[in-house]
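The structure appears right after this line, and notes come after that.
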Amino acid sequence: MHNLIGMAEHCLYPATMKNKATTVDIGLQLRAIRQQKGLTLRQVEINSGGDWKAVVVGSYERNDRSLSLRKAISLANFYEVPLEHLLGLSESKAADRRSLILDLRLLNRLRASGPLFEQVSNFAHIICAKRRDWNGEVLSLRQEDLLPLALISHSSEEQLRENLLNEGVLLRS
């Protein structure tokens, strides 16, 4: 199995990632998350029904034991935190926190021109409804909203951004 850090770099963040987490950083982050949840190592073992042994979680936190990607995902699910947060990588995306501005008027006109615009339009309408934002002209999204949009439109984040920019739907990226 690939090294966890290498997997995180290639899967979660492309080569442009500037601040790479070390295994020591990940261990410290694991401990911080557990403590924020108000759990002792023993409580982790009890609350997980024995799936997470106290000695194992402690050794991950101390960096005495390698954490596989599968175990990291499982532990993130147990703690109910995003994997990138568990891996201590979410702060390295600070430069990507810019907002995206979608032109909803143009998006609605392009809706019938293909499945991409229909899917993006549906997504935008769900966000508007959730926010109770009915102005209907523009929609501000977070940078991380590109991933679910890319997944539902069966494209990469880069392809989606390029398609939306080329059609004028994406006003600011």
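Bear in mind that the values in this text are calculations on the coordinates, not laboratory data. Bear in mind that the values here come from a model prediction, so they are computed numbers and not experimental data.
Per-residue Karplus couplings for segment 66-79, computed as 6.51 cos²θ - 1.76 cosθ + 1.60 with θ equal to phi - 60°, are listed in order as 6, 9, 6, 4, 4, 5, 4, 5, 5, 5, 4, 5, 4, 7 Hz, Gly and Pro entered as x. Counting 0.36 nm for each residue step from Ser113 to Ala54 and taking away their Cα separation leaves a gain of 15.7 nm.
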